[in-house]
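K.L.:
Sending over a structure as structure tokens; questions will come in a sec.
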Amino acid sequence: MLFYSALHWIDAYLAGKNFHPATHQIRDDEVENNGSLSTVFNDYRRLKDLSRAARYEIPSFGEDKLIVAKNRLFKIEQHISGLF
């Protein structure tokens, strides 16, 4: 849920620029290469990785990783809210 919250923050920003990525890869590329978003690319990418880990590596996904994921989402929210 935390990753998809970040995804929706990014999509909201991109929609304001009349850009609507059709796939995760197109969105990932835009976050990585868009000067306004590239500063949160590492947080976004790691949050995406943590999302996969939460779904497929459940036994090794502890509270420590949840805290890391929440912190990454917070950074993304703070950055993007400053762009609106």
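K.L.:
Scan region 29-84 residue by residue and report those that are among the hydroxyl-bearing types (S, T, Y) and within 17 Å of S5 (Cβ to Cβ).
P.N.:
Pass one, region 29-84, residues among the hydroxyl-bearing types (S, T, Y): 36, 38-39, 44, 51, 56, 60, 81.
Of everything in region 29-84, those that are among the hydroxyl-bearing types (S, T, Y) and within 17 Å of S5 (Cβ to Cβ) turn out to be Y44, S51, S81.
K.L.:
Taking the criterion of being open to solvent by 50 Å² or more (accessible area, probe 1.4 Å), of a type in the set (K, R), out of contact with any Phe, Trp or Tyr (no Cβ under 9 Å at 6 or more places or on another chain) and in a loop (DSSP other than H, G, I, E, B), would at least one residue in region 39-59 satisfy it?
P.N.:
no
K.L.:
Which of (1) of a type in the set (F, W, Y); (2) surrounded by 14 or more Cβ atoms within 10 Å (Cβ to Cβ); (3) in contact (Cβ under 8 Å) with a residue 60 or more places away in the chain is the odd one out, the single condition F84 does not satisfy?
P.N.:
(2)
K.L.:
Can you confirm whether N18 is on the phi > 0 side of the Ramachandran plot and either open to solvent by 70 Å² or more (accessible area, probe 1.4 Å) or assigned to a helix (DSSP H, G or I) (or both)?
P.N.:
Details: on the phi > 0 side of the Ramachandran plot: yes; either open to solvent by 70 Å² or more (accessible area, probe 1.4 Å) or assigned to a helix (DSSP H, G or I) (or both): yes.
Yes.
K.L.:
Collect the residues in region 1-15 that are open to solvent by 70 Å² or more (accessible area, probe 1.4 Å) and under 17 Å from L83 (Cα atoms), keeping them in residue-number order. Before the answer, list the steps.
P.N.:
First, pick out the residues of region 1-15 that are open to solvent by 70 Å² or more (accessible area, probe 1.4 Å): 1, 4, 8-9.
Once the filter is applied, which keeps residues that are open to solvent by 70 Å² or more (accessible area, probe 1.4 Å) and under 17 Å from L83 (Cα atoms), region 1-15 yields H8, W9.
K.L.:
Of everything in region 25-38, what is acidic (D, E) and either within 12 Å of D11 (Cα to Cα) or open to solvent by less than 70 Å² (accessible area, probe 1.4 Å) (or both)? Give them in sequence order.
P.N.:
Passing the criteria: D28, D29, E30.
The values are calculated or read from the model by the stated rules, or taken from the named source; none is laboratory data. Computed from a predicted structure; not experimentally measured. Glycine also receives a Cβ, built like all others from the backbone with ideal geometry; neighbour counts cover every protein chain displayed. Just the protein is used for accessible areas: all its heavy atoms, side chains included, with ligands, DNA and RNA removed. Shrake-Rupley method; radii C 1.70, N 1.55, O 1.52, S 1.80 Å.
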